[in-house]
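S.K.: My questions will all concern the structure given below.
The values are calculated or read from the model by the stated rules, or taken from the named source; none is laboratory data. Bear in mind the structure is a predicted one, so any value in this text is a computation, not a measurement. Don't worry about glycine lacking a Cβ; one is built from the backbone with ideal geometry, like all the others, and counts go over all protein chains shown. Protein only, heavy atoms only, side chains kept; ligands, DNA and RNA dropped before computing areas. Shrake-Rupley method; radii C 1.70, N 1.55, O 1.52, S 1.80 Å.
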Amino acid sequence: MTQLEAIEIVRELGNIYAVALAEKGHDIGKESDLMNGIVAYHNLTMKGEVKDLDVAVDKVIGIAYECAVDTLKEIR
């Protein structure tokens, strides 16, 4: 699975989650579908339910981690 495929899978989950919450009257603010996907994965305890989703979330979190590390290196 490529990074772009992983991002798309997590975004799709996030969009579904956001729409479902909005339909129930919940205000989710202005979070991105990507962030909502990560939140949905953890809040709904989806780990282990769908192998491709597990891989996608791990990749997306890895990307975020690398971006954070790079940003911190620039600050030093």
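S.K.: For segment 29-61, name all the residues that are part of a helix (DSSP H, G or I), open to solvent by 50 Å² or more (accessible area, probe 1.4 Å) and closer than 16 Å to Ala18 by Cα.
M.R.: Asp33, Met35, Val39, His42, Asn43
S.K.: So Met1 clears everything in (1) in contact (Cβ under 8 Å) with a residue 40 or more places away in the chain; (2) assigned to a helix (DSSP H, G or I) except one condition, right? Which one?
M.R.: Of the numbered conditions (1) in contact (Cβ under 8 Å) with a residue 40 or more places away in the chain; (2) assigned to a helix (DSSP H, G or I), the odd one out for Met1 is (2).
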